[in-house]
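Okay, structure first, notes after.
Read-outs: derived from the displayed coordinates by stated rules, not from any lab. On a predicted model such as this, the values are computed, not experimentally measured, just so you know. Cβ placement follows ideal geometry from the backbone for every residue including glycine, while neighbour counts extend to all protein chains displayed.
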Amino acid sequence: MRRMAAPTAAKCPVGVPQVESLLQRPLLELVFEAAGIHRRHHDAGSLQCSQLLSIKTGGCPEDCGYCSQSAHFKTPVAREPLLEIDQVMEAARCAKAAGADRFCMGAAWREVKSGPEFDRVLGMVRGVKSLGLETCATLGMLNGEQARRLRDAGLDYYNHNLDTGRSHYDKVVHTRTYDDRLATLGAVREAGISVCCGGILGLGEGLTARAELLCELANLDPQPESVPINALVHVEGTPLERAQPLDWTDVVRAVAAARILMPRSFVRLSAGRTHMHEAAQALCFLAGANSIFVGDELLTTPNPAPATDAALLAKLGLRALARDDASRAS
Ligand code: SAM
Ligand code: DTB
Ligand code: SF4
């Protein structure tokens with residue numbers, strides 16, 4: 001599969017005030033600059049497409065204030081034990097047939113515990129990899145040895161989000177720290193697995209916390225290969241159920257700033273697309289988003305239907321990366 005050069009560290013560390021100024025620039029100026037940078041580093045006509053599957057749902061001991069799967073809140077999501085390898089393979093085959101190039105397995109775990117369930121996840125990674133898909137997993141915290149075992153099984157990416165700025169983190173999550181997140185990211189990087197790390201907009205954060213998040217991401221060395229920008233999905237029963245809805249321009253600004261600060265990363269317009277007008281999504285793609293989640297569902301909440309996304313891509317003249325590669329190969 002054709003890929004651009006690996007991301008590099010920012011030439012010099014970027015500071016929070018600089019990112020605050022970036023986020024406050026006139027919207028179209030910001031988009032114009034980001035679009036230019038995007039075109040210098042990427043093929044602006046293609047989109048990387050990841051499909052998610054929740055392999056273990058609900059009952060999570062963490063208390064992330066946005067999450068449908070935390071055992072601390074009464075939400076509409078029912079608990080389901082870890083799937084069998086065959087069930088995951090079936091979902092991965094369907095994802096590939098529908099045009100995804102990466103398959104991401106998510107578990108509602110606080111951390112990975114070595115044992116039969118982790119061994120089963122390693123089997124899932126081996127199986128999905130054997131289909132010719134890129135593999136990604138998001139399993140909570142892990143240590144160096146667990147990261148190396150995932151790498152040896154064929155894991156290409158590990159998703160572990162920083163979610164928000166350091167100053168806002170303890171208003172949203174109380175069962176782990178920002179430094180816990182950074183330690184897992186270090187173990188993933190050390191094992192040679194590509195890093196997928198981003199955040200969520202709309203957690204009640206102000207401009208500074210949003211700038212802090214982008215700053216943390218941009219100062220990771222090397223920068224994350226994949227940067228998911230999620231808009232909060234409001235889930236009934238969670239503390240953030242009634243958080244102030246985001247304006248679409250906030251999403252465009254965050255995407256554009258991420259593109260300027262991390263020129264080589266894949267920036268994913270992630271959760272929240274069901275509530276975004278297609279023109280707003282188009283502006284995000286112009287501003288440098290070059291990745292999406294595809295398929296009817298994210299982990300536990302809806303995503304635009306595949307036919308809706310296909311129609312949007314056709315209107316914009318964008319190609320899914322898997323289709324793109326297939327047509328180049330033939
Ligand atoms: N338990 C693991 C963890 O937290 O890393 C993996 C699964 S967790 C659901 C993966 C990510 O999904 C979270 O870090 C968060 O960024 C995102 N997420 C969860 N609920 C969300 C929501 N309601 N809206 C937007 N993003 C959400
Ligand atoms: C990411 O940044 N977003 C995805 C994935 N990584 C794991 C998850 C979005 C979850 C949205 C809420 C849900 O479906 O439960
Ligand atoms: Fe658990 Fe992940 Fe949800 Fe937090 S975001 S409650 S760690 S599943």
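Within region 83-106, which residues are within 16 Å of ligand 2 (Cβ to nearest atom), farther than 22 Å from Asp325 by Cα and outside any helix (DSSP H, G or I)?
Within region 83-106, Leu83, Met105, Gly106 meet the criteria.
Within region 199-225, how many residues are under 15 Å from Ser167 (Cα atoms), of a type in the set (Gly, Ala, Ser) and in a helix (DSSP H, G or I)?
Adding up the residues that qualify gives 2.
So Gly65 fits all but one of (1) surrounded by fewer than 17 Cβ atoms within 10 Å (Cβ to Cβ); (2) within 16 Å of ligand 3 (Cβ to nearest atom); what number is the exception?
Of (1) surrounded by fewer than 17 Cβ atoms within 10 Å (Cβ to Cβ); (2) within 16 Å of ligand 3 (Cβ to nearest atom), only one is false for Gly65: (1).
Would you mind telling me which numbered condition in (1) out of contact with any Pro (no Cβ under 8 Å at 6 or more places or on another chain); (2) crowded, with 21+ Cβ neighbours inside 10 Å; (3) under 23 Å from Thr164 (Cα atoms) Gly58 fails?
(2)
Just one of Arg264, Arg273 is under 21 Å from Gln18 (Cα atoms), basic (Lys, Arg), out of contact with any Cys (no Cβ under 7 Å at 6 or more places or on another chain) and more than 16 Å from ligand 3 (Cβ to nearest atom); which is it?
So the residue among Arg264, Arg273 that is under 21 Å from Gln18 (Cα atoms), basic (Lys, Arg), out of contact with any Cys (no Cβ under 7 Å at 6 or more places or on another chain) and more than 16 Å from ligand 3 (Cβ to nearest atom) is Arg264.
Only one residue in Ala78, Ala71, Ala100, Ala92 is without any contact (Cβ under 8 Å) to a residue 40 or more places away in the chain and either surrounded by 23 or more Cβ atoms within 10 Å (Cβ to Cβ) or away from ligand 1 (no atom under 15 Å from the Cβ) (or both), so which one is that?
Selected residue: Ala78, the only one of Ala78, Ala71, Ala100, Ala92 that is without any contact (Cβ under 8 Å) to a residue 40 or more places away in the chain and either surrounded by 23 or more Cβ atoms within 10 Å (Cβ to Cβ) or away from ligand 1 (no atom under 15 Å from the Cβ) (or both).
Of the numbered conditions (1) within 16 Å of ligand 2 (Cβ to nearest atom); (2) more than 20 Å from the chain's Cα centre (by Cα); (3) aromatic (Phe, Trp, Tyr), Trp109 satisfies every one except a single condition; which is it?
(2)
Any residue that is more than 19 Å from the chain's Cα centre (by Cα), farther than 25 Å from Gln51 by Cβ and part of a helix (DSSP H, G or I) - is there at least one of those in region 248-256?
Keep residues of region 248-256 that are more than 19 Å from the chain's Cα centre (by Cα), which gives 249.
The next check asks that each one be farther than 25 Å from Gln51 by Cβ; those that pass are 249.
Applying the additional criterion that residues be part of a helix (DSSP H, G or I) yields 249.
So far as region 248-256 goes, yes, one or more of its residues are more than 19 Å from the chain's Cα centre (by Cα), farther than 25 Å from Gln51 by Cβ and part of a helix (DSSP H, G or I).
When the residues of region 199-237 are narrowed to those that are polar (S, T, N, Q) and crowded, with 20+ Cβ neighbours inside 10 Å, which ends up farthest from the chain's Cα centre (by Cα)?
Once the filter is applied, the top-ranked residue is Gln223.
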